[in-house]
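The values are calculated or read from the model by the stated rules, or taken from the named source; none is laboratory data. The structure presented is a predicted model; accordingly, all values stated were derived computationally and were not measured. All Cβ positions, even for glycine, are placed from backbone atoms using ideal geometry, and neighbour counts span all protein chains on display.
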There are 4 protein chains.
Amino acid sequence: MDIGIIGASGYTGGELLRLLAVHPDADVVAATSRSKKGKKIGDEHAHLRKIYDLEFEDLSTEEVASRSDIVFTAVPHGTAMQVVPALLDAGVKVVDLSADYRLDHEVFEKVYGIKHTDPREAVYGIPELHPEVSKQAFIANPGCYPTGASLAAAPLADAGLIELAVFDSKSGISGAGAEPSEVSHYPNMAENIQAYKLTAHRHRAEIVQELRRLDGDLKSISFTPHVIPSVRGILTTAHIFVKKELSQEKVRDLFRDFYQDKPFIRLIEGIPMLTSVRGSNFCDIGFEIEKDGNRIVIISAIDNLVKGASGQAIQNMNLMFGLDETSGLWTPGTAP
Amino acid sequence: MDIGIIGASGYTGGELLRLLAVHPDADVVAATSRSKKGKKIGDEHAHLRKIYDLEFEDLSTEEVASRSDIVFTAVPHGTAMQVVPALLDAGVKVVDLSADYRLDHEVFEKVYGIKHTDPREAVYGIPELHPEVSKQAFIANPGCYPTGASLAAAPLADAGLIELAVFDSKSGISGAGAEPSEVSHYPNMAENIQAYKLTAHRHRAEIVQELRRLDGDLKSISFTPHVIPSVRGILTTAHIFVKKELSQEKVRDLFRDFYQDKPFIRLIEGIPMLTSVRGSNFCDIGFEIEKDGNRIVIISAIDNLVKGASGQAIQNMNLMFGLDETSGLWTPGTAP
Amino acid sequence: MDIGIIGASGYTGGELLRLLAVHPDADVVAATSRSKKGKKIGDEHAHLRKIYDLEFEDLSTEEVASRSDIVFTAVPHGTAMQVVPALLDAGVKVVDLSADYRLDHEVFEKVYGIKHTDPREAVYGIPELHPEVSKQAFIANPGCYPTGASLAAAPLADAGLIELAVFDSKSGISGAGAEPSEVSHYPNMAENIQAYKLTAHRHRAEIVQELRRLDGDLKSISFTPHVIPSVRGILTTAHIFVKKELSQEKVRDLFRDFYQDKPFIRLIEGIPMLTSVRGSNFCDIGFEIEKDGNRIVIISAIDNLVKGASGQAIQNMNLMFGLDETSGLWTPGTAP
Amino acid sequence: MDIGIIGASGYTGGELLRLLAVHPDADVVAATSRSKKGKKIGDEHAHLRKIYDLEFEDLSTEEVASRSDIVFTAVPHGTAMQVVPALLDAGVKVVDLSADYRLDHEVFEKVYGIKHTDPREAVYGIPELHPEVSKQAFIANPGCYPTGASLAAAPLADAGLIELAVFDSKSGISGAGAEPSEVSHYPNMAENIQAYKLTAHRHRAEIVQELRRLDGDLKSISFTPHVIPSVRGILTTAHIFVKKELSQEKVRDLFRDFYQDKPFIRLIEGIPMLTSVRGSNFCDIGFEIEKDGNRIVIISAIDNLVKGASGQAIQNMNLMFGLDETSGLWTPGTAP
């Protein structure tokens, strides 16, 4: 497959390049960046020196389409809807890593405060929850927080068991992007943890969409994000209040059945950690049931740039082309 | 005041020594440690070199009592009850930093699995919630998590407004002590976050005790702790579901009234951070109300070794001796 | 003493405020900042909330002078020479934290590429090497790297023993200031170490000046700085090749004699660490002699913002006013 | 190739497993560990869950030999010499990751204080410096520090240009192993840097051996290691004093010629960083020449567990079997 990446100089672009470098069927033929035009990929992504000989180019959407079988759009929210139509019209498959096509357009407009200009709809690309990803031409790649949160709670939502769900998520700072800022300034982030958007982060809408799709009666869904002194990873602590007491075995069986034959889900007996998934496309999930209570605490761990972004995008690509879901992605994380 | 510290070689012992070094009315006359006996304090606590000329000693409780006006017991759970009676009988005031006297003895025995051997009861030493600390002879110094959680939720509990409370706490690893372990091994902790005791941490009992004291009808109190790649600090994210919708002003007023004249509580408009309280006895508190919802997210930030342990112990000491609460503690945190 | 701080919103300004808050004889009466004018000090330096009620002001030099007995100028290189003359002319004492008056003006112009516009000369303020600081009206506060390097090598330089000196220094990132940048971006700094200005850092000129003052024949002085994933501190590894083999005792005696009665120098048997000096004005020094060789490795550890900047500035202030050198500074570092 | 790993539960064992998982010609058939016997690999190396189904076994050397074409011995110093002879006698190829066969036996005994019991000699496995690795049956895999230091200085040593060399190295703490210790305790390592063995680290002997092999007259070689708050990586700052002034072009040409056709060496214009090589087998090298001086500062960056250990071991394996040097290793590092 010939692959184009629109917006290749940021973190998700870099991560697509890193992962595609070892994909047996992928060949990156176009990597666009307006600001880095003419620079070698390795000049910006120093870890990719010698791996790629390619240069960043400032190409028209048409030019990217003409070279590619599939295009990843790693662009800001609001920008994707300006390039996706032309790509699809040119017969190219598209995985959009922006938020533009993740939500019902009406919800999108309300949450992002941007008028949506393209009527097309995409399939929401968490393959474990959306088997219809297979053979699709257009996928909206999910947000990082919603991936971790939805995968943690989906089996219980699907069983109609959730009364109230509080997602307390902790993300590595790479989620804030490659651009230096107050919050990413080392002396501000080191030895700290920063809660933000305590009740109204945009990603909540995706979590609500996914869980209500599984259980239309699910009312109470809360989400609070934090950034921690870590570069990569999202640990989601899902405090799930259930409608009735459940045994350890019952919950374990629910998860096993729900995720059977899903290669990237690892159900573990202990408590998942970021260090086990770093650099990989795995989502580790573990849980504990409160004694004499109706609360289950579920922990999920993903790498925000892999399963939470570029890895999942490639997983979607594999399925769109009928390849094995794990093709080029069956690599362990890096630990310690 | 002549001060004795039983168990002075650990982190809370070292922090007592650090803070007392600048207290105008305090003179440390005994610092015990069995394992470090004969070593200079600065040999173990390298930051205290030249500040103290004292040596660690292996002293009998009686000897410590005979030298001291007040003794801090920074010993393991189960050990304090073996030394506290003799200290109090000798007429010495005591601040116990262990868990032995924090809970009703019956609850203590259930939670800690240790038989309690001393019928004495202590006042629970969060001075902002327990004005009766003043002039007391015996204080049980609270756990670090319960300090952060109780201070975050107390005003709403006191007003009888809480329906359900989920405390999701993030602690620096110094809370696990000075002894190297798997979880504190740098390659395991760096770039990670570790959830643990997801539903049944011992500190939950203290939070329940304090909030039910304020609101006897409060049923649902959950607590999940995490350690983050930070040495010091506890950030508590309190997800509070309230019985009725509350306005921003209403909640702000509740907190202002409840904490008026409490010098170490700083109510802030933004979101508290560990870096603002590091090394200091302050507890910063901020909150946000969910729009169209009945959830309030309250964030509190403390230094686990100061307001969460040794600083609060000295604040208690000040009050026990009728000194100004802030004596020797009115020092800013260290930032960046 | 009434104290003015010109440039109080940066890290060295904040550190002056933090340290002066516990100084028994100091009262900060003016804190200037053009960009933060009108904001409370605690709005910018969140750790100083409730400690200071002061606001940042945008004041003329004359106004600052009229309020103050001494002024600290924490301004960029090239700016200090524009405000210092008016301050001194107004009879106010000055400690300048910029580089403007640290070097011979000719050397300064060459190293900094800035024309010097003020003929005044200051005393170079490392009090351990410059007893003439006492009672002075105008002190040039040294650079952070030169403080650590000069203190490590001065006793051997003074004895005329150094053949060749290589200073390999490792600094916390706070030395780069409060402004976010590529190098201070958390994902770039975490789990990394960044060497820079491998052979030609400006601070080298100060090290050369100080060591040549002690040994005019000393030729070979090299300096290479690095930033490490730490907020505070400078560890200097001084690889000193000496003219003749020296015994452990000989070197220890040289250091003891040279630094006798210097309260902030702590000569230790082991190897100094940043964690022992963090937040304090101490400089810890240790060394090891290469067996069968002519190399001595000396390690010094300071907090770059304290002994390397604001703490040393206050130490200078104390001496300028005839106070005890340690006044307000005899506080231990914060560890762990 | 069927591969055995003796000592597979530590960091270098885990890293061999991680890297071999994506090697096209490698199949791990035995992973021994006495203490972890019977546990799944993924129970110890959580990042390898689902990647390996293998269990740790406690096998005799003979059993490992019988299953394998090549065996990696990732065992403590002094232990390798007890298992290597039997492996070689059984006709199996061996890469020994311990220090046992890296040095002349006489030097080894002096440096390590252990009597050597096996007369066999191995080829020292830095392939860029030892083309004779190719087709060998027995390789001594180098130490991590010597790999970074030797690669930084080899071109200048080979040209006979070095007068004096000071290697100041900064390592991630994973080099100290998976066992918790005082130095690896998070509160001791975070926000710190720890110099150690200032003049007499064992790895110095390897650096001396390699550089003297290239220049028999090279006398002065010093080495001082540090651990920094990073899990992986070694940055070596090589302060090289040369016999005559050299131009930028001259030095660049020396390095280019010396390392031409060496795939894992990346000569860069800027300054190498750990974040560019993390997880990969690359060694990045850059340098700067002191103006008007005879000092060249060369910086090399490697991942201590990859090019400094397990990656280089696999590179050696590839060459021993006549495979392409980069087979299974041509993967980029993970950044950010």
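For the reader, a short list of remarks on this structure follows.
Yes or no, residue by residue, for (1) on the phi > 0 side of the Ramachandran plot; (2) polar (S, T, N, Q); (3) assigned by TED's automatic domain parsing to the domain that holds C:Ala21; (4) in a loop (DSSP other than H, G, I, E, B):
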{"residue": "C:Ile296", "(1), (2), (3), (4)": "no, no, no, no"}
{"residue": "C:Ile314", "(1), (2), (3), (4)": "no, no, no, no"}
{"residue": "C:Glu325", "(1), (2), (3), (4)": "no, no, no, yes"}
{"residue": "C:Gly328", "(1), (2), (3), (4)": "yes, no, no, yes"}
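- Unique match (being within 22 Å of B:Ala122 (Cα to Cα), more than 19 Å from the chain's Cα centre (by Cα), touching a residue at least 24 places away in the same chain (Cβ under 8 Å) and more than 9 Å from chain A (Cβ to nearest Cβ)) among B:Leu319, B:Leu323: B:Leu323
- Any hit, the stretch B:177-192, residues being within 12 Å of another protein chain (Cβ to nearest Cβ), in contact (Cβ under 8 Å) with a residue 12 or more places away in the chain, more than 30 Å from B:Lys36 (Cβ to Cβ) and in a loop (DSSP other than H, G, I, E, B): yes
- The set of residues from the stretch D:285-336 being aromatic (Phe, Trp, Tyr) and farther than 23 Å from D:Cys144 by Cβ comprises just one member, D:Phe321.
- Within the stretch B:105-152, the only residue that satisfies the criterion of being buried (at least 22 other Cβ atoms within 10 Å of the Cβ), of a type in the set (Gly, Ala, Ser), part of a loop (DSSP other than H, G, I, E, B) and touching a Gly at 6+ places or on another chain (Cβ under 9 Å) is B:Gly143.
- Qualifying residue in the stretch C:168-176 (condition: at pLDDT 95 or above and assigned to a loop (DSSP other than H, G, I, E, B)): yes
- Enumeration of residues in the stretch A:45-76 that are within 14 Å of another protein chain (Cβ to nearest Cβ), within 24 Å of the chain's Cα centre (by Cα) and not in a loop (DSSP other than H, G, I, E, B): A:Ala46, A:His47, A:Leu48
- Filter pass, D:Thr32 being surrounded by 21 or more Cβ atoms within 10 Å (Cβ to Cβ), over 24 Å from D:Pro127 (Cβ atoms) and at pLDDT 95 or above: yes
- Selection status of B:Arg278, within 21 Å of C:Lys40 (Cβ to Cβ), within 17 Å of the chain's Cα centre (by Cα) and facing chain A (nearest Cβ under 9 Å): yes
- Test set (1) more than 14 Å from chain C (Cβ to nearest Cβ); (2) buried (at least 21 other Cβ atoms within 10 Å of the Cβ) - B:Glu15 fails condition number: (1)
- The number of residues in the stretch B:21-44 that are within 13 Å of chain C (Cβ to nearest Cβ), aliphatic (A, V, I, L, M) and in contact with a Gly (Cβ under 7 Å, 6 or more places away or on another chain) comes to 1.
- Among residues of the stretch D:1-12 being surrounded by 22 or more Cβ atoms within 10 Å (Cβ to Cβ) and not in a loop (DSSP other than H, G, I, E, B), the one that is nearest to the other protein chains (Cβ to nearest Cβ) is D:Tyr11.
- Restricting A:Glu179, A:Glu191, A:Glu206 to residues that are modelled with pLDDT of 95 or more, under 27 Å from A:Val251 (Cβ atoms), among the acidic types (Asp, Glu) and assigned by TED's automatic domain parsing to the domain that holds A:Leu274 narrows the list to A:Glu206.
- Qualifying residue in the stretch A:256-269 (condition: closer than 23 Å to B:Val227 by Cα and of a type in the set (Asp, Glu)): yes
- Out of C:Leu214, C:Leu218, C:Leu235, one residue alone is of a type outside the set (Ser, Thr, Tyr) and at the interface with chain D (Cβ under 10 Å from one of its Cβ atoms). It is C:Leu235.
- Filter pass, C:Leu151 being in contact with a Cys (Cβ under 7 Å, 6 or more places away or on another chain) and touching a residue at least 12 places away in the same chain (Cβ under 8 Å): yes
- Answer residue from the stretch B:77-90, given it is among the small types (Gly, Ala, Ser) and out of contact with any Ser or Thr (no Cβ under 6 Å at 6 or more places or on another chain) and is nearest to the other protein chains (Cβ to nearest Cβ) among those: B:Gly78
A quick yes/no check of all residues on (1) closer than 30 Å to D:Val231 by Cβ; (2) of a type in the set (Ser, Thr, Tyr):
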{"residue": "B:Ser134", "(1), (2)": "no, yes"}
{"residue": "B:Ala137", "(1), (2)": "no, no"}
{"residue": "B:Gly143", "(1), (2)": "no, no"}
{"residue": "B:Ala153", "(1), (2)": "no, no"}
{"residue": "B:Leu156", "(1), (2)": "no, no"}
{"residue": "B:Ser169", "(1), (2)": "yes, yes"}
{"residue": "B:Glu191", "(1), (2)": "yes, no"}
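- Matching residues in the stretch D:294-306 - criterion: being more than 18 Å from the chain's Cα centre (by Cα) and either facing another protein chain (nearest Cβ under 7 Å) or farther than 19 Å from C:His201 by Cα (or both): D:Arg295, D:Val297
Residue-by-condition table, conditions (1) farther than 27 Å from C:Leu20 by Cβ; (2) acidic (Asp, Glu); (3) surrounded by fewer than 20 Cβ atoms within 10 Å (Cβ to Cβ); (4) free of Cβ contacts under 8 Å to residues at least 12 places away in the same chain:
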| position | (1), (2), (3), (4) |
| --- | --- |
| C:Phe223 | yes, no, no, no |
| C:His226 | yes, no, no, no |
| C:Gly233 | no, no, no, no |
| C:Lys243 | yes, no, yes, no |
| C:Pro272 | no, no, no, no |
| C:Val277 | no, no, no, no |
| C:Phe287 | yes, no, no, no |
| C:Asp292 | yes, yes, yes, yes |
| C:Ile314 | no, no, no, no |
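- Scanning the stretch B:28-44 for residues that are within 22 Å of the chain's Cα centre (by Cα), outside any loop (DSSP other than H, G, I, E, B) and of a type outside the set (Val, Ile, Thr) gives a single hit, B:Ala31.
- Of all residues in the stretch C:158-176, those satisfying the criterion of being buried (at least 24 other Cβ atoms within 10 Å of the Cβ) and either of a type in the set (A, V, I, L, M, F, W, C) or within 9 Å of another protein chain (Cβ to nearest Cβ) (or both) are C:Ile162, C:Ala165, C:Val166, C:Phe167, C:Asp168, C:Lys170, C:Gly172, C:Ile173, C:Ser174.
- Residues being closer than 26 Å to C:Ser174 by Cα, without any contact (Cβ under 8 Å) to a residue 24 or more places away in the chain and more than 14 Å from chain D (Cβ to nearest Cβ) are entirely absent from the stretch C:245-258.
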